[in-house]
Amino acid sequence: MRRLKPPILGTLLAVILGTSLAAATTAQGQTKLTATELQRYIDICFKAKDGNENVAACTAALSAGEKQLSKPNRAMVLYSRAIGYTKLQQFDPAVADVTKGLALTPQSAKHYTLRALLYRKQGKNDLALADFKEAVNKGAKGAGDYADRGRSYFDVGDYEKALGDFDTSLRTAPDNAMVHGYRGVALLRLGRVNEAVTDLTFQIEKGGNNVIPGDYTHRGFALIELGKADEAKADFAKAEALATGKIEGTSTPEAYWYVDRAFARALGDNPDGAVADISRYLSTQAQTADAFQARALAYAAKRNYRDALADFSQAINLDRKKLFILRQRGDVYLAAGQPELAIADYQAQLSQIAGNALAMTGLEKAKQAMAAKLQASATPPQSTSASTTGGAPPSQAKAELGRRVALVIGNSNYANVAALPNPKNDAAKVADTLRKIGFAEVTLAEDTDFRSLNRALQDFASQADGADWAVIYYAGHGIEIANTNYLVPVDAKLASDRDVTFEAVPLDRVMAASEGAKGMRLVILDACRNNPFLANMTRKTATRAVSRGLSRVEPDGGTLVVYAAKAGEVALDGSGGNSPFVTALTTNLQKPGIEIGKLFRLVRDDVMKATDRKQEPFTYGSLPGEDFIFNPG
């Protein structure tokens, strides 16, 4: 794809500018430059290789008055300064400069293209696509322009339109190997596997230094789909070698090279190395679907199905359209003895890529396994005595649990008050426990700000639609104002009581995220901690009472809300690695055969004992008459 190219000539700014900085300044704050001075600034602005020189010279040129620097010329100086900021990795001021330039020359395709490239660097794919469209509409119709727009369609998951732009680009520049590479991956995601192999092979053979590990990995994926496992292994070995060379060839390797190598290792012969690579990547980088998918494949190769399913679910939550990911998770569900969930994943994969051979084969195997499982469950048990661990008879314990999903949130590192030591630990332990007892999809979100907390709830609402169980657990600060309960994101300031409405998330929104589930809906709030925001909060509205703890809630039928401490009381964060509430909760969740009502009574007793009766968990709401058992045993 097109890259931002540096200007071709550098000049020593100090020598050129010398005494020019003493030029007179007008009353309007503009500098009156001589024509020679202005031209020197502009020359450096356009030609300097160094980003700091570039920005300084362009800034000096922009100080000239309107009579000296016309609108079109000012727009081009802003364009050049944006490139200088880009060299310095300062993308926000670069975008601001291009936007100012567009205000002066709104028909400039060049400005739209530059801003689109900047948005792409910032990960703002929707904005990048909008600008690339404008660039084409304004007359940028070269091979590179269509390739750039195609790449943006690709980035937002519109592979059909991406393919159309790549085809247009290649009609003008048929030997552009990188565009062949992108088209190959787009074809692969559309299920056109043979064509994908052809394009990826072109990129590998003709791309020279632009060949990346992902080219070999994607061709390996395609070969697997074609049943050519041995050829795929060879590609994964080449991808691993290429990624390793890049990593070891520099003291500051790009973080994503570890993901590239992890895919190659997971699908090759080194799943342990793949797990290590992803763990290293996630220790410093934001969570990505690619990282979780690569590690899931590694865990699957190690037959660690529990962790594989957890990582696949994380990846799918981040990007449901990842390459063959639903079929891959279906394979793991089938291997783990959960054919009902495998069937759902295979069908979902086939709805994306009709006729996918491996998904069709997996679906048939899963249906056969499901039939065998149903036949086995219909066989009368040898004994009808109740379990000694909590009362559910074996026939109940073996009942199908259906699709159970959970969102687990832990907020520890607050920006404007002291950090809480345990919520992230608590959330991780709860998430791990839910996975251990058979929850198919558990999303763990840590240190969520206002935007990411709302996004997590919005995404979970879609995930919960049609599920049998939907569980939300939250650990962190909560606050109650005027009988309304709120969860507090890590970026909240809460300088006044009015700010709560705009900076915190109401409990009603949290409960709404689970309402699409067909059976049991459960919200667990370990958010009743002593709240440090209250001490400095300005009261803007006299009628708004602000109290410690959370107020009682009356959820709709079919929903339970569990507080770590009853309304108006404060929960303890705990002096160990986990709060007393989470220690009791995770211990009792793993006990087989316990119905949910009794489970939370046991949690209450354990917390009361651990805190010397200083903290009493409380449950609000009601469920229908059927038994709900977390762990059937």
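Note on segment 487-532: residues that are outside any loop (DSSP other than H, G, I, E, B) and basic (K, R) total 2. If you go through segment 312-340 and keep only what is assigned to a helix (DSSP H, G or I), of a type in the set (A, V, I, L, M) and surrounded by fewer than 20 Cβ atoms within 10 Å (Cβ to Cβ), you end up with L318, A335.
Among the residues of segment 267-290, the ones that are modelled with pLDDT under 90, surrounded by fewer than 17 Cβ atoms within 10 Å (Cβ to Cβ) and polar (S, T, N, Q) come to 4 in all.
For Y146, the conditions (1) at pLDDT 95 or above; (2) surrounded by fewer than 23 Cβ atoms within 10 Å (Cβ to Cβ) all hold with the exception of (2).
When segment 607-617 is filtered for residues that are touching a residue at least 40 places away in the same chain (Cβ under 8 Å) and crowded, with 17+ Cβ neighbours inside 10 Å, the ones remaining, listed by number, are V607, Q615, P617.
Among the residues making up segment 47-69, those that are touching a Leu at 6+ places or on another chain (Cβ under 9 Å) and open to solvent by 10 Å² or more (accessible area, probe 1.4 Å) are K47, K49, D50, N52, E53, V55, A56, A60, L62, S63, G65, Q68.
Of all residues in segment 448-461, those that are touching a residue at least 40 places away in the same chain (Cβ under 8 Å) and open to solvent by 40 Å² or more (accessible area, probe 1.4 Å) total 4. Cβ-Cβ distances below 7 Å connect the following pairs, each with a first residue in segment 96-118 that is without any contact (Cβ under 8 Å) to a residue 40 or more places away in the chain, a second residue that is basic (K, R) and assigned to a helix (DSSP H, G or I), and a separation of six or more residues or different chains: D97/R81; V98/R115; T99/R115; L104/K71; L104/R74; T105/K71.
Entry remark, segment 267-298: residues being in a helix (DSSP H, G or I) and either touching a Phe, Trp or Tyr at 6+ places or on another chain (Cβ under 6 Å) or aliphatic (A, V, I, L, M) (or both) number 15 in total. Screening Q368 with (1) at pLDDT 75 or above; (2) open to solvent by less than 60 Å² (accessible area, probe 1.4 Å) gives one miss only, at (2).
For A255, state whether it is open to solvent by less than 50 Å² (accessible area, probe 1.4 Å), over 30 Å from G123 (Cα atoms) and of a type in the set (A, V, I, L, M). It is false that A255 is open to solvent by less than 50 Å² (accessible area, probe 1.4 Å), over 30 Å from G123 (Cα atoms) and of a type in the set (A, V, I, L, M).
Looking at segment 87-99, is at least one residue part of a loop (DSSP other than H, G, I, E, B), of a type in the set (G, A, S) and more than 23 Å from the chain's Cα centre (by Cα)? Within segment 87-99 (the criterion being part of a loop (DSSP other than H, G, I, E, B), of a type in the set (G, A, S) and more than 23 Å from the chain's Cα centre (by Cα)), the answer is no, since none of the residues qualifies. Total residues in segment 470-486 satisfying the condition of being surrounded by 24 or more Cβ atoms within 10 Å (Cβ to Cβ) and not in a strand (DSSP E or B): the figure is 1. Here A584 meets each of (1) open to solvent by 40 Å² or more (accessible area, probe 1.4 Å); (2) more than 20 Å from R521 (Cα to Cα); (3) part of a helix (DSSP H, G or I) with one exception, condition (1). The set of residues from segment 211-224 being surrounded by fewer than 21 Cβ atoms within 10 Å (Cβ to Cβ) and more than 13 Å from L267 (Cα to Cα) comprises just one member, V211.
Conditions (1) in contact with a Ser or Thr (Cβ under 8 Å, 6 or more places away or on another chain); (2) open to solvent by 40 Å² or more (accessible area, probe 1.4 Å); (3) basic (K, R); (4) closer than 21 Å to K322 by Cβ, marked per residue:
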residue	(1), (2), (3), (4)
L226	no, yes, no, yes
L242	no, yes, no, no
G245	no, yes, no, no
S251	no, yes, no, no
F263	yes, no, no, yes
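Scanning segment 100-109 for residues that are touching a helix residue (DSSP H, G or I) at 6+ places or on another chain (Cβ under 7 Å) and in a helix (DSSP H, G or I) returns K100, G101, L102, L104, A109. The residues of segment 341-365 that are modelled with pLDDT of 85 or more, small (G, A, S) and either touching a Phe, Trp or Tyr at 6+ places or on another chain (Cβ under 6 Å) or open to solvent by less than 50 Å² (accessible area, probe 1.4 Å) (or both), listed by number, are A342, A359, G362.
Looking across segment 444-475, the residues that are touching a strand residue (DSSP E or B) at 6+ places or on another chain (Cβ under 8 Å) and aliphatic (A, V, I, L, M) come down to L444, A445, L453, A456, L457, A464, A467, A470, V471, I472, A475. Regarding V77, is this residue part of a helix (DSSP H, G or I), out of contact with any strand residue (DSSP E or B) (no Cβ under 8 Å at 6 or more places or on another chain) and open to solvent by less than 10 Å² (accessible area, probe 1.4 Å)? The answer is yes for V77. A count restricted to segment 420-447 and to residues that are crowded, with 22+ Cβ neighbours inside 10 Å, under 20 Å from A296 (Cα atoms) and in contact with a Gly (Cβ under 8 Å, 6 or more places away or on another chain) stands at 2. Return the residue satisfying two criteria in turn: it lies in segment 592-602 and is among the aliphatic types (A, V, I, L, M) and in contact (Cβ under 8 Å) with a residue 24 or more places away in the chain, and of such residues it is surrounded by the fewest Cβ atoms within 10 Å (Cβ to Cβ). It comes out as I596. Do you know which of the residues in segment 166-205 that are of a type in the set (F, W, Y) and within 19 Å of D235 (Cα to Cα) is surrounded by the fewest Cβ atoms within 10 Å (Cβ to Cβ)? Here the residue is F202. Taken over segment 121-133, residues that are touching a helix residue (DSSP H, G or I) at 6+ places or on another chain (Cβ under 6 Å) and surrounded by fewer than 21 Cβ atoms within 10 Å (Cβ to Cβ) amount to 4.
The values are calculated or read from the model by the stated rules, or taken from the named source; none is laboratory data. On a predicted model such as this, the values are computed, not experimentally measured, just so you know. In this analysis, Cβ positions are derived from the backbone assuming ideal geometry, glycine residues included, and neighbour counts consider all displayed protein chains. Side chains included, ligands, DNA and RNA excluded: accessible areas come from the protein's heavy atoms. Shrake-Rupley method; radii C 1.70, N 1.55, O 1.52, S 1.80 Å.
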